[in-house]
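Below: one structure, written as structure tokens.
The values are calculated or read from the model by the stated rules, or taken from the named source; none is laboratory data. Everything quoted here is computed from the prediction, not taken from an experiment. Positions of Cβ are generated from backbone atoms using ideal geometry, with glycine treated the same way; all protein chains shown enter the neighbour counts.
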Amino acid sequence: MSIFSNLKGETYNKGLNSPRNGVSLNTAPISSKTSPEVVSTLGPGMRVTGNIVCEGPLQIFGRVIGDIHASQLIIRESSQVEGNIIAHETSIQGGFKGTIHSNSVKLQGKAVVSGEIYNKSLTIEQDVQFEGVSRRPEKPIEAPSSDEAKTALSSGADEIRATGGGQLSH
């Protein structure tokens, strides 16, 4: 089950399909025609408990407890993610606890990261706090395809799908 809530206790009465912090909820099926330049965004007032599968790039400003599978992932400053990440490229500027499987991982700014990182390339900037281990995977990490996202959803798992244009659906 996925939970969406406002972290600051504000009420929101505009309906499920209205944009909020750059995010719209949508129950439309996944389209394989997602534009690569469109970035899905989880806003700073969002808290998600559950798994996220995003065919394209995803940036997080809020809090996620669950697994994330995206082509490119950016965890912004002041955001928190706890779970497992599978992404072609991962950039962390906020907090993360868990396991990362990514070809390229960048720990930037004042990131606080705890866990395991499986990567081909790892960059750690000066003020980053990293506690854990880094290992090289045997094969490259692939971005999720629309078929993988559909399979994950049909298996009965609780998932949130991001389909381009910042639209999230459950």
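Going through Ile100, Ile85, Ile124 one at a time, which residue ends up being among the β-branched types (Val, Ile, Thr), farther than 17 Å from Pro137 by Cβ and at pLDDT 95 or above? Can you show your working first?
Details: Ile100 fails: farther than 17 Å from Pro137 by Cβ; Ile85 fails: farther than 17 Å from Pro137 by Cβ.
Of Ile100, Ile85, Ile124, the one residue that is among the β-branched types (Val, Ile, Thr), farther than 17 Å from Pro137 by Cβ and at pLDDT 95 or above is Ile124.
Restricted to region 29-62, and to residues that are part of a strand (DSSP E or B), touching a Pro at 6+ places or on another chain (Cβ under 9 Å) and surrounded by fewer than 24 Cβ atoms within 10 Å (Cβ to Cβ), which residue is modelled with the highest pLDDT? Before the answer, list the steps.
Start the filter on region 29-62 by keeping residues that are part of a strand (DSSP E or B), which leaves 40-42, 46-49, 51-60.
Next, from what is left, pick out any that are touching a Pro at 6+ places or on another chain (Cβ under 9 Å): 40, 53-57.
Still in the running and surrounded by fewer than 24 Cβ atoms within 10 Å (Cβ to Cβ): 56-57.
Values: Gly56: 91, Pro57: 95.
In this case the residue turns out to be Pro57.
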| note | In region 119-131, anything over 16 Å from Ile86 (Cα atoms) and surrounded by 14 or more Cβ atoms within 10 Å (Cβ to Cβ) is listed as Ile124, Val128, Phe130
| said: Could you list, ordered by first residue, the pairs with Cβ atoms under 6 Å in which the first is in region 123-143 and in contact (Cβ under 8 Å) with a residue 60 or more places away in the chain and the second is polar (S, T, N, Q) and part of a strand (DSSP E or B), at least 6 apart or interchain? | reply: Ala143/Ser71
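Report, by residue number, each residue of region 92-118 that is part of a strand (DSSP E or B) and buried (at least 21 other Cβ atoms within 10 Å of the Cβ). So that I can check it myself, show each step before the final result.
Kept after step one, since they are part of a strand (DSSP E or B), are these residues of region 92-118: 92, 95-107, 112-118.
Within region 92-118, Ile92, Phe96, Ile100, Ser102, Val105, Leu107, Val113, Ile117 qualify.
Could you check region 125-139 and list, in sequence order, the residues that are part of a loop (DSSP other than H, G, I, E, B) and acidic (Asp, Glu)?
The answer is Glu125, Asp127, Glu138.
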